[in-house]
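Please read the structure below before turning to the comments.
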């Protein structure tokens, strides 16, 4: 039988951060803006900073109830800016790594309370004392592979179905090159007895030019061509080639941004069509569902009125490419 893939649009909850605090408003706004799917942002409900664990789980359950009332599906729980401020799982001291593992384990509990079963983001950064040194960088890479394999086992025990690691654009946050991304997927998933560990691709996370990357490594199209078929989440942002601006697909941003939604869809379809020839087949299965998640991170000076207007315009724009109810593609293996 042909293999089917379903695609639809959703929104990341980063736009809510430091603005709204009521679960009802989280899901009401998602629905009113035109998104049926919501990727819950950890900065809105953080395992360390958002009250006690009891409050967090109670709030997560309230979010799930509000989602049901408004016809919204929570796809996954994703790190926001908070964990990007630390070396985390790549710190040289074991107590620092253990602390970030605790954050992740508590996040897994929030995931289940939200009624979803996927957790993603980025929890580490190689120190500058480490990544320029080939030997130390290799040891750090092997360590992060071990960390993810441990997390995959823990996630399975807690009832999760997958973990996501986001592709980045600096040598301190891996994977930041195409070859490194393939190696990460292969080494984490080969012989892995836990949940699969997958990539999240972001159309703005190809700004490695600042660290000397050129060619395919700085092309969001090439990243999608090689890895799109195994991605359940693709973050959509309008941006320029040298930055990750997290702009909406609206207004003046469409005149200066270079991200084409048509090209994203065409390349994802190509990635699936070619998957039968991909070496990735040996380590990960192709995605059955992919959510194109709008990840807009507004500046604090942007008013709520303008922010919501731009997010609604973005949904209207994306619906020109992906109809209500989403797309269904079929592929013969």
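Computed values, structure above
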{"read-out": "Check on residue 114, under 21 Å from residue 12 (Cβ atoms) and surrounded by 16 or more Cβ atoms within 10 Å (Cβ to Cβ)", "value": "yes"}
{"read-out": "All positions within the stretch 29-39 that are touching a helix residue (DSSP H, G or I) at 6+ places or on another chain (Cβ under 6 Å) and either over 12 Å from residue 296 (Cβ atoms) or part of a strand (DSSP E or B) (or both)", "value": "31, 34, 38"}
{"read-out": "Given (1) surrounded by fewer than 20 Cβ atoms within 10 Å (Cβ to Cβ); (2) more than 18 Å from the chain's Cα centre (by Cα), number of the condition residue 82 does not satisfy", "value": "(2)"}
{"read-out": "Residue match in the stretch 215-229 (condition: in contact with a strand residue (DSSP E or B) (Cβ under 8 Å, 6 or more places away or on another chain), in contact (Cβ under 8 Å) with a residue 60 or more places away in the chain, assigned to a loop (DSSP other than H, G, I, E, B) and at negative phi)", "value": "no"}
{"read-out": "Failed criterion for residue 22 (all others in (1) buried (at least 20 other Cβ atoms within 10 Å of the Cβ); (2) under 28 Å from residue 249 (Cα atoms); (3) free of Cβ contacts under 8 Å to residues at least 40 places away in the same chain hold)", "value": "(1)"}
{"read-out": "Enumerated helices (runs of 4 or more DSSP H) restricted to the stretch 246-333, each holding at least 2 residues that are in contact (Cβ under 8 Å) with a residue 40 or more places away in the chain and farther than 20 Å from residue 202 by Cβ", "value": "304-318"}
{"read-out": "Residue in the stretch 113-131 that is modelled with pLDDT of 95 or more and assigned to a helix (DSSP H, G or I) present", "value": "yes"}
{"read-out": "The stretch 137-165 residues that are on the phi > 0 side of the Ramachandran plot and touching a residue at least 12 places away in the same chain (Cβ under 8 Å), paired with ones that are surrounded by fewer than 20 Cβ atoms within 10 Å (Cβ to Cβ) and assigned to a helix (DSSP H, G or I) (beta carbon under 9 Å, 6 or more apart)", "value": "159/112"}
{"read-out": "Where residue 70 falls short, out of the listed (1) in contact with a helix residue (DSSP H, G or I) (Cβ under 7 Å, 6 or more places away or on another chain); (2) more than 23 Å from residue 318 (Cβ to Cβ); (3) touching a residue at least 12 places away in the same chain (Cβ under 8 Å)", "value": "(2)"}
{"read-out": "Residues (out of contact with any strand residue (DSSP E or B) (no Cβ under 9 Å at 6 or more places or on another chain), surrounded by 15 or more Cβ atoms within 10 Å (Cβ to Cβ) and under 25 Å from residue 114 (Cβ atoms)) located in the stretch 124-157", "value": "154, 156"}
{"read-out": "Candidate set: the stretch 144-160, residues that are more than 18 Å from the chain's Cα centre (by Cα) and assigned to a loop (DSSP other than H, G, I, E, B); chosen: the one nearest to residue 225 (Cα to Cα)", "value": "159"}
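Okay, residues lined up against (1) under 13 Å from the mean Cα position of the chain (by Cα); (2) modelled with pLDDT of 95 or more; (3) surrounded by fewer than 23 Cβ atoms within 10 Å (Cβ to Cβ):
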position	(1), (2), (3)
162	yes, yes, yes
165	yes, yes, no
199	yes, yes, no
207	no, yes, yes
240	no, yes, yes
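For every residue, the table says whether it meets (1) surrounded by 15 or more Cβ atoms within 10 Å (Cβ to Cβ); (2) more than 18 Å from residue 32 (Cα to Cα); (3) within 18 Å of the chain's Cα centre (by Cα); (4) at pLDDT 95 or above.
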residue	(1), (2), (3), (4)
262	no, yes, no, yes
266	no, yes, no, yes
271	yes, yes, no, yes
284	yes, yes, yes, yes
290	yes, yes, yes, yes
295	yes, no, yes, yes
298	yes, yes, yes, yes
318	yes, no, no, yes
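The values are calculated or read from the model by the stated rules, or taken from the named source; none is laboratory data. Model, not experiment: these values are computed from the prediction. All Cβ positions, glycine included, derive from the backbone under ideal geometry; neighbour counts span all protein chains shown.
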